[in-house]
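Structure, as structure tokens:
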Amino acid sequence: YGLSLIEVRYYMPDHPSLLQLFSFQQHDLAPSFPALERFLDHWRREIEATLHSVRLAHQHLIRPAEWTAVDGVITI
């Protein structure tokens, strides 16, 4: 489970030579990305714009804690 950044490039029906960009963030489950699949299914059914490409960046939110051991003492 983590945060996904999605960029959707598409063509509008009235301006087919103009490539447009729509980007958004959502929480989703990797590697199947069910929320992204639902969004793309909705896009194909309800929106007249033609998809050109979809880019996805994903960062897991639930992971082992990151820590660094520090050797030393500072006295003031």
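The values are calculated or read from the model by the stated rules, or taken from the named source; none is laboratory data. All figures in this text were calculated on a predicted structure; none of them were measured in a lab. For neighbour counting, all protein chains shown are included, and Cβ atoms are generated from backbone atoms with ideal geometry for every residue, glycine included. Just so you know, the surface numbers come from the protein's heavy atoms only, side chains and all, with ligands and any DNA or RNA stripped out. Shrake-Rupley method; radii C 1.70, N 1.55, O 1.52, S 1.80 Å.
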* To do: Return the distance in nm (one decimal) between the two label points of a simple spin-label model at S17 and Q59, each offset 7 Å from Cα along Cα→Cβ.
  => 4.0 nm
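Once you have a ≥ b ≥ c as the square roots of the Cα gyration tensor eigenvalues for the range 1-52, tell me rounded if a/c is under 1.5, and otherwise prolate or oblate according to whether a/b is larger than b/c.
Working: a/c = 3.52, a/b = 1.99, b/c = 1.77.
Prolate, because a/c is 1.5 or more and a/b exceeds b/c.
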* Asked: In square angstrom, what is the accessible area per residue of the range 7-63 with a 1.4 angstrom probe?
  -> 75 Å²
